[in-house]
Structure formats: C-alpha cells, structure tokens
Amino acid sequence: MKKSWNGFSKKSTQKRLELLKAQALISLESQSSLENNENLSLATADQLSENVVGTFSLPYSVVPELLVNGKEYTVPYVTEEPSVVAAASFASKVIKRAGGFTAQVHQRRMIGQVALYQVPDRSLAAETIISKKADLLELANQAYPSIVKRGGGARDLHVEQVTGETEFLVVYLHVDTQEAMGANMLNTMLEALKPVLEELSQGQSLMGILSNYATDSLVTATCRIAFRYLSRQKDEAREIAEKMALASQFAQADPYRAATHNKGIFNGIDAVLIATGNDWRAIEAGAHAYASHDGTYRGLSRWTIDLEKEELVGEMTLPMPVATKGGSIGLNPRVILSHELLGYPSAKELAQVIVSIGLAQNFAALKALVSTGIQHGHMKLQAKSLALLAGANETEVAPLVERLIAEKTFNLETAQRYLEILRS
Ligand code: NDP
C-alpha cells in the first residue's frame, strides 16, 4: 500500500492511529491499546523496580519516513521536549528524498573487565592468563550456557596493565550477546572468572563488571544530501551546506559546542532507546566516552561537502549495543508495541535505525541553527507548552498560541494574562 504521511502532524491522535493501522504498521489490538492508553501495569512496575508507588507517563510519538538501507521505518519516539519529533520528521523526509541513510554494524560484542590488584609480577601474570585463554573462555561459557546455545558466547580475552594511583592488571572479556545487551550475562561470566584469575595472577580481584564503553559494538550511519534538498534557491542551498560543514568543524574543535551538538543527537537516540525499552544511561555513557576517544571531547557526527557532486555528506559512528531481548523489553506493553511498529528488527537492525535517527536529528538541528536559528521552529511549540501550563483547555490552546506568537517574546505570565483576556 502506498504510504502517505502528508499532513500527519495536523491530524487528531485518533486519525493518526487509524493511519498506522491502515498501513499495517500496528495490529488492531495495538491500536486499541493506544486508544485506551493501556500502559505498564502497577503490578509489573512493582516487579521492575523497588519502592514503587505508581507509574510515570511521557508522550509517545512516531517519526515517519526514516529510510535506512533501502527500508522505510516508522520510528517510535518517547520525549517530552517540544520540536524534537517535528525536527526529526522533517529531517527524515528530506533525507529520504535525497536517498536515505546507509548504515553498517562493524561488530557486535560486549566487553567486560576483571580488575586485579596487588599482582606481584604483572607481566608474568599477563602471560600466564593469556596461555590459559581457551580454558578461561570455556569457563565463561559454562557460567552462562544458554547464550552459547543461542549462537553467542565468550569469543576473546585480552590483558592490559593499567596504571593509575595503583597498578592494576585488567582482563577484558569479549562476548557475543546475540539479541541481548548482555550486562547480566557478562557480569555472571566475569564473576565466574574472578577466583581463577586471582589464582593465575597471584593477585586480588577488585571487581568483575561489564564496560559500557562498547568499542566492539560500533555502528556507522551515513547520508548524502544533494544541495537542492536544502533550499529551493541554489545559492542559499549551497550556503546552508557550507555553514553546516562549518558547524560540524566547530563541534570537533570546541567541547562547549560538542556537548550541545551531542545532546541534540541524543534528543533522537534517547527517544527511541526509551521507546524500545533499552538502557539509555548505558548507551549515553558509551557514546560520550567514545566522543573523547582521541583524548578530546568532540561532536559525534561530521558533515562535509562534496563540491564536485554538490552534496552535503553526513557521517556518524558510535557504540550502539542495543537489545531486542532481555531487561524490561518483554514486560512493558508499550515497548512491545514499539518493536511491532519497527517491524520487529534484530538488535543489529535496530542499532542501524537508531544511529541513523541520531544523524537525522543532528541534521535538523544544524540546518536550523545555521539558517533560521533554532528559536524559529521552537517558538510555536514553546507557545503551546506555555498555553498548556497556563491552564488553557483544548479549545483555548490554538487561539492562545496564535496570540503569543504574534507577541514574538512571551513567558508564562504573558500566557496567563492572554488566557484571562481570551476567557473574558
Ligand atoms: P537479561 O539479564 O534480561 O538477559 C537477557 C535475557 O534475554 C535472558 O533471559 C535471555 O534468555 C533472553 N533472551 C531471549 N532470546 C535471546 C536472544 N536471542 N539473545 C540473547 N538473549 C535472549 O539482560 P542483559 O544481560 O542483556 O542485561 C541488560 C539489563 O541489565 C538491562 O536491564 C540493564 O539496564 C541492566 N544492567 C546494566 C548495567 C550496565 O549497563 N552497566 C549493569 C547492570 C545491569 P536466556 O537466559 O535463556 O539466554
């Protein structure tokens, strides 16, 4: 069926749901679950965390038309920040027209570490441990046999001498965790290795724990956007492309800008991580560590221009060890629905979608910043938030927003004042 997303943002929530159903993106049960706002039950929430006294809701949106490796996705987004979904939808649409994203998973393994200290001879201990590599990998696999049955398991091990205030000997375990993120898997394996490593090194083990710096799970997304997609006016389009490349250079050179540049990327990435039940703290920690992998904190994405082809070229690489199984993924009905909406992707496919949406979000932010300025697009959505905060009801929101926009600068006080005038 031909998918038409024209005017999607202007439709009612009911009409949007009907469109999702009509396009066979969600089942009838999922449509009714969304209509009835069915969410995480209190009983399940009480199992997931401790001291539970309720559940917490956020807006659940979709970003249509994300084209990755020739496949189109309707991406679930959980975010409370105005304009994030609008910006990602705009970017996805433009980049789809320009040919979409190409994404690639370089490798997909998780790394865990056992830190040893008070090791009498670190070089000798390292040699001894490496000579027992095959036995140690076998031991790790015996500690978590189900992942081996699923086709994964411990694949490699290496040792490094790490010197801080104390001299450590660190053993790194590389594990194929299949569809899971693997924190508990890795931790179980590392716990099993600890006593044996103490014996082999003649030292003490401090801890055995997964590392979120997932450099064995790097994913790259790229896109090429012909200048003509940036503006109808040829000169302006080229100027926008040049300024976006400059903005990218700025984020490579200045950590103050890099932090905000990367925050914008995570506006999109976190929204999908939350919607798909992934551990966003884990992915954020790994990505920010990767942003400093050469010793300076830098922007995660790079935009350059190909003058010969008259194209803006975007590229982003970061660790993306997301899961489609494990954790709370099978327990939260709304998370299950997100995987349905995406067509039940594998963990590798999901990682490619997420890195692409991060680059799309970054494209929208940079384009706005170097052309109209970020406030232009934000104003209407901010006015809407203020109208709601001021207490406007469904019929009052639109006229109040219009009044506030006409004012150019506004705050909660202005919104409350105009709401009173509107009511009188
Ligand atoms: P789980 O402990 O839930 O383990 C994965 C589960 O998925 C297992 O029960 C496994 O079954 C099941 N599974 C089903 N199908 C597959 C498949 N095809 N491939 C892999 N597993 C499958 O999750 P993780 O070990 O992934 O740990 C993630 C959780 O740990 C998250 O909730 C995270 O927040 C938390 N965490 C994160 C930390 C960090 O990031 N530093 C630290 C500690 C916890 P079976 O056992 O039968 O194989």
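The values are calculated or read from the model by the stated rules, or taken from the named source; none is laboratory data. This structure is a prediction, so every number in the text was calculated from the model and none was measured. Neighbour counts are summed over all protein chains in view; Cβ atoms, including those assigned to glycine, are modelled from backbone coordinates with ideal geometry. Heads up: the accessible areas ignore ligands, DNA and RNA and are worked out on the full protein's heavy atoms, side chains in. Shrake-Rupley method; radii C 1.70, N 1.55, O 1.52, S 1.80 Å.
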Provide a single number: the residues in the range 302-343 that are more than 12 Å from the ligand (Cβ to nearest atom) and assigned to a loop (DSSP other than H, G, I, E, B). 7
In the range 371-424, which residue that is of a type in the set (Val, Ile, Thr), open to solvent by 70 Å² or more (accessible area, probe 1.4 Å) and within 30 Å of Glu236 (Cα to Cα) is modelled with the highest pLDDT? Thr409
Here are some residues: Gln361, Gln352, Gln382. Which one is in contact (Cβ under 8 Å) with a residue 40 or more places away in the chain, more than 30 Å from Thr215 (Cα to Cα) and part of a helix (DSSP H, G or I)? Gln382
In the range 160-213, anything in contact with a helix residue (DSSP H, G or I) (Cβ under 6 Å, 6 or more places away or on another chain), of a type outside the set (A, V, I, L, M, F, W, C) and away from the ligand (no atom under 16 Å from the Cβ) is listed as Gln161, Ser201, Ser205
Of Tyr213, Tyr256, the only residue that is part of a helix (DSSP H, G or I) and open to solvent by 60 Å² or more (accessible area, probe 1.4 Å) is Tyr256
Here are the criteria: (1) touching a residue at least 40 places away in the same chain (Cβ under 8 Å); (2) not in a helix (DSSP H, G or I). Tell me which single one Thr55 does not satisfy. (1)
So, in the range 163-186, how many residues would count as being in contact (Cβ under 8 Å) with a residue 24 or more places away in the chain and either surrounded by fewer than 16 Cβ atoms within 10 Å (Cβ to Cβ) or assigned to a strand (DSSP E or B) (or both)? 13
All but one of (1) in a loop (DSSP other than H, G, I, E, B); (2) surrounded by fewer than 23 Cβ atoms within 10 Å (Cβ to Cβ); (3) within 17 Å of the chain's Cα centre (by Cα) hold for Gly299, so report the exception by its number. (2)
Could you please tell me which pairs satisfy a Cβ distance under 7 Å, a separation of 6+ or placement on different chains, a first residue in the range 140-159 that is without any contact (Cβ under 8 Å) to a residue 60 or more places away in the chain and among the polar types (S, T, N, Q), and a second residue that is open to solvent by 50 Å² or more (accessible area, probe 1.4 Å) and part of a helix (DSSP H, G or I)? Asn141/Val148
For residues in the range 33-82 being of a type in the set (D, E, K, R) and over 18 Å from Phe266 (Cα atoms), which is least open to solvent (accessible area, probe 1.4 Å)? Glu65
Among (1) farther than 30 Å from Ile305 by Cβ; (2) part of a strand (DSSP E or B); (3) more than 12 Å from the ligand (Cβ to nearest atom); (4) not polar (S, T, N, Q), there is one condition Ile225 misses while meeting the rest; what is its number? (1)
Take the range 84-139 and flag every residue that is of a type in the set (D, E, K, R) and either open to solvent by 40 Å² or more (accessible area, probe 1.4 Å) or not in a helix (DSSP H, G or I) (or both). Lys93, Lys96, Arg97, Arg108, Arg109, Asp121, Glu127, Lys132, Lys133, Asp135, Glu138
Members of the range 127-139 found to be touching a strand residue (DSSP E or B) at 6+ places or on another chain (Cβ under 7 Å) and in contact (Cβ under 8 Å) with a residue 40 or more places away in the chain, listed by number: Ile129, Leu136
Can you name every residue in the range 261-282 that is open to solvent by 80 Å² or more (accessible area, probe 1.4 Å) and either more than 16 Å from the ligand (Cβ to nearest atom) or in contact with a Lys or Arg (Cβ under 6 Å, 6 or more places away or on another chain) (or both)? Lys263
Restricting the first residue to the range 187-213 and requiring it to be closer than 23 Å to Ala287 by Cβ, which pairs with a second residue that is in a loop (DSSP other than H, G, I, E, B) and away from the ligand (no atom under 16 Å from the Cβ) meet a Cβ separation below 9 Å and a spacing of at least six or different chains? Tyr213/His293
Counting only residues in the range 312-356 that are more than 16 Å from Ala221 (Cβ to Cβ) and touching a strand residue (DSSP E or B) at 6+ places or on another chain (Cβ under 6 Å), the one surrounded by the fewest Cβ atoms within 10 Å (Cβ to Cβ) is identified as Lys325
Residue that is least open to solvent (accessible area, probe 1.4 Å) [pool: residues in the range 1-32 that are among the hydrophobic types (A, V, I, L, M, F, W, C) and more than 18 Å from Val85 (Cβ to Cβ)]: Ala22
Given the condition within 15 Å of the ligand (Cβ to nearest atom), closer than 19 Å to Asp216 by Cα and of a type in the set (Val, Ile, Thr), answer yes or no: does some residue in the range 142-152 qualify? yes
